[in-house]
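The values are calculated or read from the model by the stated rules, or taken from the named source; none is laboratory data. Predicted model, so just to flag it, every value in this text is computed and none were measured. A quick note on method: Cβ atoms are made from the backbone with ideal geometry, for glycine too, and the neighbour counts reach across all protein chains shown. Keep in mind that these areas ignore ligands, DNA and RNA; they rest on the heavy atoms of the full protein, side chains included. Shrake-Rupley method; radii C 1.70, N 1.55, O 1.52, S 1.80 Å.
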Amino acid sequence: MIRNATPADVPVIHRFVRELAEYEKEPDAARATEEQLHEALFGERPAAFAHIAEAEEGTESGEAVGFALWFLNFSTWRGVHGIYLEDLYVRPEARGGGHGKALLTELARICVERGYERLEWSVLDWNEPSIDFYRALGARPQDEWTVYRLTDEALTALGSGAASAG
């Protein structure tokens, strides 16, 4: 079962973010607090949205086993919004149960319903199980694009006008 996240889900979303960071071999990089997640998802001006996958059978029935956290992006070429999937995570013991596909299906449904023309995300090059899963759904890599990111000192330097062109 897939449902919209509620404020009561913030602790489990926070836990899932930490588990995902550990899986991606970057546990110290996940610095977001529950308060930050709550503000981003449920504050006065939400910047992100989340869905929760719940177990439907067995002793775990109703327990959150995964999540998708996403936000809107915009294509100037297509002239419409799309969804950027920031995080998709299903707990290891629940993998193979259709939860990841159900979360992506819900996001695709939202895209179709709202006239969004893209559902995009990034995946680590070494994450073959996820890559295989995404390909099986019909997703294709955008190999001609390279993601760039400014963070920490480089972001501060550029934002303060102290960065030098190299």
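Could you check, for the stretch 52-60, whether at least one of its residues is among the aliphatic types (A, V, I, L, M) and at pLDDT below 95? There is at least one residue in the stretch 52-60 that is among the aliphatic types (A, V, I, L, M) and at pLDDT below 95.
Of everything in the stretch 84-116, what is assigned to a loop (DSSP other than H, G, I, E, B) and without any contact (Cβ under 8 Å) to a residue 24 or more places away in the chain? Give them in sequence order. Matches in the stretch 84-116: ARG95, GLY96, GLY98.
Taking the listed residues VAL65, VAL10, the one that is touching a Lys or Arg at 6+ places or on another chain (Cβ under 6 Å), open to solvent by less than 20 Å² (accessible area, probe 1.4 Å) and either free of Cβ contacts under 8 Å to residues at least 40 places away in the same chain or in a strand (DSSP E or B) (or both) is VAL65, with no other qualifying.
Taking the numbered list (1) within 17 Å of VAL17 (Cα to Cα); (2) modelled with pLDDT under 95; (3) out of contact with any strand residue (DSSP E or B) (no Cβ under 8 Å at 6 or more places or on another chain) in turn, HIS38 passes all entries but (2). Here is the figure for the stretch 43-63: residues that are more than 20 Å from THR151 (Cα to Cα) and under 16 Å from the mean Cα position of the chain (by Cα) total 6. When residues of the stretch 64-95 are filtered for being of a type outside the set (Val, Ile, Thr) and over 19 Å from the mean Cα position of the chain (by Cα), how many remain? Selection size over the stretch 64-95: 4.
Scanning the stretch 117-141 for residues that are open to solvent by less than 40 Å² (accessible area, probe 1.4 Å) and part of a loop (DSSP other than H, G, I, E, B) returns ASN127, ALA139.
The set of residues from the stretch 68-83 being open to solvent by less than 50 Å² (accessible area, probe 1.4 Å), not aliphatic (A, V, I, L, M) and not in a loop (DSSP other than H, G, I, E, B) comprises TRP70, ASN73, SER75, GLY82. It is to be established whether one or more residues within the stretch 33-54 are open to solvent by 20 Å² or more (accessible area, probe 1.4 Å) and more than 30 Å from ASP152 (Cβ to Cβ). Yes, the stretch 33-54 has at least one match. Does TYR148 satisfy the condition of being at pLDDT 95 or above and assigned to a loop (DSSP other than H, G, I, E, B)? Taking the combined requirement at face value, the residue does not satisfy it.
Inside the stretch 13-31, can you point out the residues that are aromatic (Phe, Trp, Tyr) and open to solvent by 50 Å² or more (accessible area, probe 1.4 Å)?
Once the filter is applied, which keeps residues that are aromatic (Phe, Trp, Tyr) and open to solvent by 50 Å² or more (accessible area, probe 1.4 Å), the stretch 13-31 yields only TYR23.
Within the stretch 42-55, residues that are farther than 19 Å from GLY98 by Cβ have Cβ atoms under 7 Å from residues that are open to solvent by 20 Å² or more (accessible area, probe 1.4 Å) and not in a strand (DSSP E or B) in these pairs: PHE42/PRO7; PRO46/ALA40; ALA47/ALA40; ALA48/ALA40, counting only partners at least 6 apart in sequence or on another chain.
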